[in-house]
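Below: the structure, in structure tokens.
Any read-out appearing in this document is the output of simple, stated calculations on the displayed coordinates, not a laboratory observation. Remember, it's a predicted structure, so these values are computed and weren't measured experimentally. Here the Cβ is made from the backbone with ideal geometry for all residues, glycine too, and neighbour counts use every protein chain on show.
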Amino acid sequence: MPATTGAAKSVLREEIVDGTAMRPERPNGAPTPQSEPAGPPICALTLPQQIADHLGHRIMNGECRPGSRLKEEEFAEAYRVSRGPVREAFRILERRGFVEIIPRHGARVRAFDPADLASLFGVRAVLFGLAARQAAERPSPELLDQLAVEVARLCHSAETMDISPRDHAVIAGDAQHLIARFSGNRPLLRVLEEITSRALWRMAWSDPPLDLTTRARRQQSARFWSDLLAAIRAGDATEAERTARLLLEASRDHMIAAMAALQPELAPKFAVEAD
């Protein structure tokens, strides 16, 4: 099959966002609440990343069942690309924990494991706590200014509920990235970003959303972020680490509770992992 043309890539980008073009933005840059796309927003991603995002959302929605085989030729035809980008998309999904690639058998959808997701959030909480500690030990004025903007956006979301749960999670993810970047610990930043990608793909991009759906939950999130900003501004490394870990542990607990409600047969397993 010939390489994908620029026009075909453009079509793919629109199809990825639920068959429509990207949503218009408000003057302040926040997306409009109506016409929420089925998958995560696409922005300056490579073709394999776009395919991985779209296919990952299909897996989350149950269109590709656990254990089912993913055939390169079928998806290459569906996305109107050569097999190369599809093969790389499978590798991306393998790193995210959605797919397993078996030698001489190809790619298959991984069965969901509640223990895996709970463990990812636990590790992520520890790493983010370390990032917050190191950022607080040498607080940068640039970090404080940028983090204050993100925290204000989260507080506004909690007050008005004018953005989607996913958009709230994206703002929180941006704030986490800021703290990790200004921690000065590059290996920590790389590992935290990889784990965050895997964890968020199992939570924030799901349909229906599994967290941040209520005003009370967003207010809790905003309080944690406000406290974390205050600790970093004060240079209180111990408090910054404690608050950062509590923030992500709260996300984990709400996610597990929502998943248990959606899948009652797995509730005992979720309860064990939450403990």
Item checked: Distance (nanometres) between label positions extended 7 Å along Cα→Cβ at Arg104 and Ser140 -> 5.0
Item checked: Nitroxide proxy distance, nm - points 7 Å out along Cα→Cβ at Glu94 and Arg190 -> 1.9
Check: When Val149, Val99, Val191 are ordered from fewest to most other Cβ atoms inside 10 Å of their Cβ, what list results?
Finding: Val149, Val191, Val99
